[in-house]
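Structure record follows, encoded as C-alpha cells.
The values are calculated or read from the model by the stated rules, or taken from the named source; none is laboratory data. These numbers come from a predicted model, not from an experiment. Cβ sites come from the backbone with ideal geometry, for glycine too, and all protein chains shown count toward neighbours. With ligands, DNA and RNA removed, areas are computed over all heavy atoms of the protein, side chains included. Shrake-Rupley method; radii C 1.70, N 1.55, O 1.52, S 1.80 Å.
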Amino acid sequence: MNGVLVKSYPAPAVNYGEACRYAGGKKGDAALESALEECYAGLSGGLCYRVCYTELALQKRGELLDLSFAQTTSADLKKMLDGCERILLFAATVGQAPDRMILRHMRLSPYKTLLFQAAGSERVEALCDLFCADMAREYGQKGFGLTPRFSPGYGDLPLSLQREVFAALMPERHLGVTLNESLLMSPSKSVTAIIGLRLKS
Amino acid sequence: MNILDYMRDHLLLLDGGMGSLLQAQGLAPGDLSERWNISHPQVIVEIQKEYFEAGTNLLCANTFGANPLKFDEKELEELIAAALQNARRAKEESASLQPKWIALDVGPLGRMLKPYGDLEFEQAVAHFSAVCRLGAKHGAEVIFIETMNDSYETKAALLGAKESCDLPVFVSNAYGEDGKLMTGADPLAMVSLLEGMGADAIGVNCSLGPDALAPVVEDYLKYASLPVLCKPNAGLPRVKEGKTVYDLTPEDFACSVAALVKKGVRLAGGCCGTTPAYVKALREHLEGVSPVPLTRKEQVAISSYTHALLFEGDTTLLIGERINPTGKKRFKEALRAGDMDYILKEAVAQEEQGVHALDVNVGLPEIDEPKMLRQAVESIQSVTDLPLQIDTADPVAMEGALRCYNGKAMVNSVNGKKESMDAVFPLVKKYGGLVVALTLDEEGIPETAEGRVKIALKILKRAEEYGLCARDLIFDPLALTVSTHENAAKETLKAVELLTKRGLRTSLGVSNVSFGLPARDLINSAFFTLAMEKGLSAAIMNPYSSAMMDAYRAYNALSGRDRQCVSYISYAESRPAAVPASAAPAAAQGEEGTNGGCPLGRAIEKGLKEEAARLTLRLLEEEDPLAIIEKRIVPALDRVGKGYEEKRIYLPGLLISAETAGVCFDKIKERIPAGAGDKCAVVIATVKGDIHDIGKNIVRLLLENYGFAVYDLGKDVSSEEVLEKTLEVRAPLVGLSALMTTTVPAMEQTVRLIHEKAPFARVMVGGAVLTPEYASMIGADFYAKDAMEGVRYAEEIHNTL
C-alpha cells in the first residue's frame, strides 16, 4: 500500500464547446462564448489544478468488489473493472475560485452564476482528463492500460461511498476538499473517481 | 516554567510528522489515527519519546482529528484524555533534559463552513470550544491549532480556544503554492486577523517544503509582532519502490529550516514526511543560534478573507458610504422587507467604482439591528472580498457582526465618552479591529483642532488600558457643516494635520461638510482634496459622485502618489464624458419594431442591459410606468419564455433576458410607489438538506419579473421556516425545490405541514429529481417542469384570488 501522492498541473487549454454545453447553450453561440471568455478571465488567477491519488489492490469475491478502501456490490463498477487487479483512486480540484464567483453572482445574476458553474465544471473535467492522460503515460510504461474514470454516484455506485473515499485519500488535508453532510464536496468544482488498471496482454 | 516566559529568550523546537510513522506501524488507510491512543498507546508513546529525545520542547499530542464531527462525546473525551496521557508518559520517560511541554493538537474539522460549505460558523466555534475544554481538562499546556486552510475556520478555532480555556494558543495555517490559503487569504490578512484576536504565536505548516514556504514565512516575519512558527513538510512526496518518500533528507531539511530561524522564526519543527531524525538534525543546526529579537511592527491594517488593507502614510483609502439607510427611502424599504439583495447590489456597485472598503450600517429604529447587521455582514462577505467597516451604535449588534466577520474589521465607532469606550474597547480587544475614534466626549465637540486632538489622546490612553495601542485606532476629527460654522472646515483640516504629525491615522465622513448647501459635490470634493493634502488616511465617501472620484484621482496624480499618472490616465480614459443635455437623442419610445416588439422589448430579448435601462428611463418620461410593464416588458418576457419552451431559446438566453427585464423593473420601481402593480405573495425555498438553488433562483427571478412579491427563503430551509413565512405574508402560493433524492422526504414533510397549518396556500414543486407522479405522491398541488411553468401556475393562482 502506497501513501497518498499529490500533484499540481499547469492550466489545461479551455474547451469553450464543452463550457457552452454545460451552460445548456447552443453550440457555436458566439455571444455565449464571449461571455464565457470573460468568466475565464475572472477566474484565471484563482484557479489551481491539484490532484491527490493512491494506487490500491482490487479483489473480487463473488458479487462483492473489494476496493481495499471499501467494498461494494456495484454491478456497473464491477463491469468497468473487469480484468483489473489494481485501481487508482483520486480526488481532483480546481480550488475555490469558481465557488467564490458563483456565490458572488448567485443573488444578483443567475445568468452569470450559470456561466461560472459551466466554466468551473469544464475546468475540473479538463483537469481530470489531464490527470488521466498523465497516469496513462506513467502506467503505460509499466504495462498497464487505464479504464475510464468512475465516480461515486455514477450508475449503481452509491454516492455514500464518498465517505470511504475521503477516509482513504484525506483530500481535506492534501487538497483542502471537504465533504458535507449531504455528501457534496467543497470546493464544489472537485471530482473523486476510481480508475481501473488493466495489464496489457 | 511558563512556556510563554521561556519563549521570550529561547527558540522553541517543535515535533515532526506522525501520520506516516503510524502508517509504517500498520495504521490502515481510512483508519482514524486518534483511536490508536487507546488501541496502541505504546506505539504512540515510543514515537513521541523519540521526538523528545531528538530535542523537541513542545510536543503535539495525537489529537489532530479529535473533534465532535468524527467522534461521539464519550469517545472524544476518552481519546483526548488518552492522547494527553500518552504524551505525558513520553515526556516523563524520555531521557533528554530540555524543557518540555505538551500541546493539544487541533486540526480542521473536515467540513467547510458556510457559505462555501454547510457548517454554521457558531457551530464550528462550539466544536472547537468542546475540544479545547477537554484538552485543558486533561492536562494540555498549549492549544496548537494547525494545518488550517480556511481563514474563517481558523477564526472559529481561535475563538473557540479563547472562549473555553486560558491556555496559550498557537495558530498555524497551511498555504498553497500560490502563497495563499485555499480560501484565498494571504499572509498579511492572516497576521492581521490572528494578532488582532490575541493568538500567542502564529505561522505556517504542511503543504510544502521549507524552501517553497520561505516567501510566506518571510511575509510573516515582515508583518508579525508575535513569535512566528514554521513546520514545513520534508519536501514533496513521490513513490519509490512502492513506498512514499519525501525528497528532502534530514540534513537538507534542517539546513533550510535553520536558515529561516536565522531570519527570525522562533518556533520550528516539521510536518508530513518528517521524523525524529529531522528534528534531531534541526536541533544540531540550531546549536548556538540565538533567537532574533522580536520587534513590534507598526503597520495599521484591516483585512477581509483574502487580503489586508494597509493604512500607510501617503495613501488615502476610500470607504464606500452607500450601505446606510440615512436619507434613502428605497434602502429603508429594503431593510424593512428584509431585502438583502438590495444591499448586495450596493456592495458590488461600490466595489466596481473602485472603493477599498465598505461601510455597513443597517440601523433603523423599527428593525432588529443585531440580527440584520449580522445577516448583512455575512451576505456582503459572500459577494465581495472588500474589507468591511462595521457601523453601529449598538454594542450588541457590533459584537455579533465582529464575531461573524471573516477578517479584521474596521469598527465605526468609539468616542471619548467613558460609556462608549467601556463598551467598544473590550470588543476590539477580543475580536480585533481598527476602531474609528470620534473626537468628542461628554462635553461635546471642541471647536478648536487642539481640543479635538486632546480628546484623541485621551481616547488613546484609555485604549492602552484595555491592551490596545495606536495602531488599533483611527481618529475622526469630525467634519462639521460650513453652512453654520464658517471656520468648521479649517479646524477639522488642522486637526487632521496635527494628528498626522503625531503619527496617528485619520478618517473623515467627508460629505457632512456641505450639509445644508446646494450643489454639495462641489464643496465635498474641494474639502476632500484639502484633507488629503493634510494627510487624511481614509475617507468615508460616496463613490458614485464623479466630483469625489475626480478629486481623488487628480490629487493622487498631483501629489506624486500616482507614479507616472498611470492610475489617473486609466481612470480618465474610462471616465464617462459629460454629455451636454441637448445632445441626447430624443426619440426613444414609439417606433414599433419589425420583430413585433418595441426597441425596449428587443433589448430585453437580446439581453442588452444598459440599452434596456436607457430605454426604460426615456420611456418613463412619456409613459405610465405600469403601461411600460404590461405593454413592453411582459410581452418581451413572454416571447422569450415561449421561445425557451419551444427550444428556440436556450437557458443562458432565458436568464439574461430575465435579468435585463429586472434592470428595467428596478428603474421603474424608483418611479412608482411600492405596491403598485404587485401580484400576490409567493414564498419559495430549497428544502432542508439541499443546497442546490440555481433552479430556485431562476424561478424567483422570473416570478419577480412578472410582478409577484417573492419571499425567497434561500436553500437548506426547514419546513417550519417555510410555514412561518407563509403564515406571516399569507402567501397563496409556496414553491419548493429539491435536487437530490435524499431531500425529497424533507419536501414531503414541508408540503404536509403547509397543507395542515396554512390551508389557504397551494404548493408547487420542482427540481431535477421530481416527476409529475412523484409530485402528486408527496401531495403537492402542482408540478412545474421548469421556471416558466411555475410562472404560469402562479398567474393562474393570482387570477383566482
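Tabulated values for the structure
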item: Which of A:Val94, A:Gly45, A:Ala119, positive extreme of dipole for the stretch A:5-199 (C-beta unit charges); result: A:Gly45
item: Where the protein assembly as shown is the region considered: accessible area per residue in Å², 1.4 Å probe; result: 41 Å²
item: Gyration tensor (alpha-carbon) shape descriptor, the protein assembly as shown, a/c threshold 1.5; result: oblate
item: Protein accessible area in the stretch A:5-199, 1.4 Å probe - carbon and sulfur %; result: 51 percent
item: The stretch B:599-671: relative contact order as a whole-number percent, Cα under 8 Å and 6+ apart; result: 48 percent
item: Shielded residues, the stretch B:645-672 - accessible-area loss of 10 Å² or more between chain alone and all protein chains, probe 1.4 Å; result: B:Tyr650, B:Leu651, B:Pro652, B:Leu655, B:Ile656, B:Glu659
item: 10 Å Cβ neighbours from other chains, averaged over peptide B:108-119; result: 6
item: Peptide ranges B:555-567, B:79-91, B:312-324 listed from the most packed, as the mean C-beta count within 10 angstrom indicates; result: B:79-91, B:312-324, B:555-567
item: Separation in nanometres of the label points that stand 7 Å from Cα toward Cβ, at B:Ile569 and B:Asp178; result: 2.9 nm
item: The stretch A:137-201 - percent relative contact order, Cα under 8 Å, separation 6 or more; result: 46 percent
item: Length gained when the stretch B:Asp521-B:Thr295 is fully extended (0.36 nm per residue, less Cα-Cα span); result: 76.9 nm
item: Highest-first arrangement of B:421-431, B:468-478, where packing means the average Cβ count within 10 Å; result: B:468-478, B:421-431
item: Size of charge dipole - the stretch B:681-800 - debye, nearest 20, with Cβ of Lys, Arg +1 and Asp, Glu -1, no other charges; result: 60 debye
item: Cβ-based charge dipole, chain B, positive-most Cα from B:Gly607, B:Ala738, B:Gly269; result: B:Gly269
item: Length gained when the stretch B:Leu558-B:Leu801 is fully extended (0.36 nm per residue, less Cα-Cα span); result: 81.0 nm
item: For the pair B and A, total buried accessible area rounded to nearest 100 Å², probe 1.4 Å; result: 4100 Å²
item: For chain B, calculated [θ]222 nm from helices alone, where every DSSP H run of n ≥ 4 adds -39500 (n - 2.57); result: -14500 deg cm²/dmol
item: Share of carbon and sulfur in the accessible heavy-atom surface of chain B [1.4 Å probe, %]; result: 52 percent
item: Distance (nanometres) between label positions extended 7 Å along Cα→Cβ at B:Arg671 and A:Glu85; result: 7.8 nm
item: Residue mean of other protein chain beta carbons inside 10 Å, A:110-123; result: 4
item: Between 0 and 90°, nearest 10: helix B:488-501 axis offset from chain B longest Cα axis; result: 20 degrees
item: Residues of the stretch B:20-58 buried by at least 50 Å² on assembly (accessible area, 1.4 Å probe, chain alone as reference); result: B:Pro29
item: Ordering of B:718-730, B:121-133 by packing [mean C-beta count within 10 Å, highest first]; result: B:121-133, B:718-730
item: Per-residue mean of C-beta atoms belonging to partner chains within 10 Å, peptide B:358-364; result: 0
item: Leading residue at positive end of dipole, the protein assembly as shown (Cβ point charges), from A:Met80, A:Tyr139, A:Phe166; result: A:Tyr139
item: Inter-site label distance for B:Gln25 and B:Glu284 at 7 Å from Cα along Cβ, in nm; result: 2.5 nm
